[in-house]
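What follows draws every value from the coordinates through simple rules; no lab data is involved. Computed from a predicted structure; not experimentally measured. Glycine also receives a Cβ, built like all others from the backbone with ideal geometry; neighbour counts cover every protein chain displayed.
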């Protein structure tokens, strides 16, 4: 595994690829969709792909979906199996959740910029909300190394070593704080190693917000960096907390996008100091300092 | 080889303005993009005199078999484009068409005169889907205004001049004829159709720019009708576009009278779509 410049990106093959779905696992409210992607370069944690079902994409009710959908590459095995975490919330995700092994999946990627490894001697605090745990799965895989068996499938086929100094499986270097709506969604916590969980209704773990857990952890003496992905309100809260405490944070953003490679200019979010950044090519992982606020 | 206004093109498939950012794509895909460049000419996104940040989010809405966009023409402005983007676009292996938009004839002339001085630019396309500051009407929807702007700009350049016609007009053939009288070398159509979406469950527009432009397969039949109408009205070369996803769709536009075909929204779904279409167009 060769080291690559962190925060940079792995170039994508210049065409979408027709892959075969190999598994579709139910994980509470989510689906973990696996496809075999032998020819693609290994993604960096935080990179994403544009995906669409090869059949039954469009021509349904309202003639949607039409465009591919952006998903974090949530896990990747050495053999090229990669996984996407999906929740059925609309016509595109409904179709993706219904895919069976053997069906075709169009994939373009890996796309965008990934996470940066923490500086030596710093803990990484992962903060995830709901479906936003997806890029934290592959990031934690990279930090903990090949030895860590986590939930569905061990994974080490990422294109950068994040935990070169850490003993495989050593969890002190990385803590995962995950927030969910309730019990059904909290099943997603099984996809990360030794997570601490908060739920809105208190059905699992801490009753309240994942940022409550973050505040608690930042009270520790040991220096840390934060890597977060989740709904905008959660990310804004993480951003504000980290800004107040002067802690380096990277946020994986989500935005509706048509293309994923800088062509459509649809995924613009306001940049601190004016203008916009494109989530697809300037992100999806951005330094929190680049944003005035997440909305 | 195809001759388009004196420019030699390897095949008849180009991109629609604003649907492909070759500079960003080269960062994403690396040198494969240059080696396997899908278009036979590259059309830039619209350049304006001053920089524009673009519209507030949200900028996209997925429509039935299509896309409504309200991007707002973000660009670095003329001087930023000429200094930063043009040298990079000149490295592409195909002729470069620069698309410009002004809000007055004077602004169009300034933009075109600057393009005239740059040898990297093979042809100039005018985006006339912009409101006249006095009348509020799109310049391109009114044949008289369109002829006047074309005529004014014609005096500024010897390069091929393409007018990108708007479909949001009563009579697109009359607009094409006006462009021809004004001295255009070619016309391109169709631009997006004005469209709107409401935020789900509300009476508010979804898009930050309130309305947007509809593209994709949803407008393919409109494009075919408008290209055929324009073919009946002018002798100029036509760049036809609107919802092209396959070689068959491209052939339809050629049969209806287009000389070149542009691919736009389909490139969003597959960046190499135009190469696939060009390979099997005949």
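With the Cα gyration tensor of region B:226-282 in hand, convert its eigenvalues to equivalent ellipsoid semi-axes via √(5λ) and list them largest first in whole Å.
So the three semi-axes of region B:226-282 are 22, 11, 8 Å.
Over the protein assembly as shown, one equal point on each Cα, no solvent: what is log10 I(q)/I(0) by the Debye formula at q = 0.05, 0.06 Å⁻¹?
Debye curve over Cα of the protein assembly as shown, log10 I(q)/I(0) at q = 0.05, 0.06 Å⁻¹: -0.22, -0.32.
May I ask for the Kirkwood hydrodynamic radius of region B:82-148, worked out over all distinct Cα pairs and given in angstroms to one decimal?
Taking the inverse mean of 1/r over all distinct Cα pairs, region B:82-148 comes out at 13.0 Å.
Connecting C-alpha atoms closer than 10 Å in a GNM of chain A, tell me which of A:248, A:74, A:186 has the biggest fluctuation.
Its mean-square fluctuation being the largest, the pick is A:248.
Quick one: Cα centre-to-centre distance for region A:77-114 and region B:134-190, in angstrom?
One Cα centre to the other: 45 Å.
Pairs of alpha-carbon atoms within less than 8 angstrom and 6+ residues apart define the contacts here; what relative contact order does region B:2-279 have, in percent?
About 20 percent, as a whole number.
Run the helix sum for the protein assembly as shown: -39,500 (n - 2.57) per DSSP H stretch of 4+ residues, divided by residue count, reported at 222 nm to the nearest 500 deg cm²/dmol.
So the calculated ellipticity at 222 nm is -6500 deg cm²/dmol.
Hey, in the GNM for chain A with a 10 angstrom Cα cutoff, which one of A:228, A:29, A:83 fluctuates hardest?
Most flexible of the set in this elastic network: A:29.
Considering only DSSP beta bridges where both residues belong to chain A, give the percentage that are antiparallel (nearest 5).
Restricted to chain A, the bridges split so that about 60 percent are antiparallel.
Cα-based Rg of chain A per 2.2 N^0.38 Å, rounded to two decimals?
Here the answer is 0.93, to two decimals.
Of the beta bridges DSSP finds with both residues in chain B, what % are antiparallel, to the nearest 5?
That works out to approximately 45 percent antiparallel.
Please report the spacing between the Cα centers of region B:14-34 and region B:43-99 in Å, no decimals.
The two parts, judged by their Cα centres, are 12 Å apart.
At what distance in angstrom do the alpha carbon centres of region A:222-244 and region A:14-29 lie from each other?
30
Nearest 10 degrees, 0 to 90: what angle lies between the long axis of helix A:232-245 and the longest principal axis of chain A (Cα atoms)?
The angle comes out at about 30 degrees.
Using packing as a proxy for protection, rank A:275-282, B:103-110 so that the peptide with the highest average count of other Cβ atoms within 10 Å comes first.
In descending order of packing, they fall as A:275-282, B:103-110.
Can you check what the Kirkwood hydrodynamic radius comes to for region B:122-185, Cα pairs only, in Å to one decimal?
About 11.5 Å for region B:122-185.
With r defined as the distance between the Cβ atoms of residue A:194 and residue B:84 and R0 fixed at 30 Å, what FRET efficiency is calculated, to the nearest 0.05?
Taking R0 as 30 Å, the efficiency between residue A:194 and residue B:84 is 0.05.
Using a/c under 1.5 as the rounded threshold, could you call region B:147-282 rounded, prolate or oblate? The axes a ≥ b ≥ c are square roots of the C-alpha gyration tensor eigenvalues, and prolate needs a/b larger than b/c, oblate otherwise.
The shape class here is oblate.
Using a 10 Å cut-off around each Cβ of peptide B:10-22, what is the average number of partner chain Cβ atoms that fall inside?
Across B:10-22, the average partner-chain Cβ count within 10 Å equals 2.
Choose one answer from A:42, A:252, A:54: the residue with the largest mean-square fluctuation in a GNM of chain A with alpha-carbon springs under 10 Å.
Among A:42, A:252, A:54, the largest GNM mean-square fluctuation belongs to A:54.
Note down the Stokes-Einstein diffusion coefficient of region B:31-158 in µm²/s, whole number, using a Kirkwood radius over alpha carbon pairs, 10 °C, and 1.306 mPa s.
D = 100 µm²/s.
Output needed: percent of Cα pairs per 10 Å distance bin for region B:2-279, bins running from 0 to the one holding the longest distance.
Computed distribution, short to long bins: 7, 31, 40, 20, 2, 0.
Given points 7 Å out from each Cα along the Cα-Cβ axis, report the residue B:203 to residue A:220 separation in nanometres with one decimal.
So the label points at residue B:203 and residue A:220 sit 5.3 nm apart.
Against the 2.2 N^0.38 Å scaling, with N counting residues, where does region B:64-110 land? I'd like the Cα-based Rg ratio to two decimal places.
1.49
Count, for each residue of A:277-287, the Cβ atoms from other chains sitting within 10 Å of its Cβ, then give me the mean as a whole number.
Per residue, the number of nearby Cβ atoms from other chains is 1 on average.
Roughly what % of DSSP beta bridges within the protein assembly as shown run antiparallel, to the nearest 5?
Expressed as a percentage, antiparallel bridges in the protein assembly as shown total about 55.
How many Cβ atoms of partner chains, on average, are near each residue of B:47-60 if near means within 10 Å of its Cβ?
Mean shielding count: 4.
Would you mind giving the three semi-axes, in whole Å and largest first, of the ellipsoid equivalent to region A:240-295 according to its Cα gyration tensor?
Equivalent ellipsoid semi-axes, largest first: 22, 11, 8 Å.
Take the Cβ-Cβ distance between residue A:184 and residue B:91 as r, set R0 to 60 Å, and report the resulting FRET efficiency rounded to the nearest 0.05.
E between residue A:184 and residue B:91, to the nearest 0.05, is 0.70.
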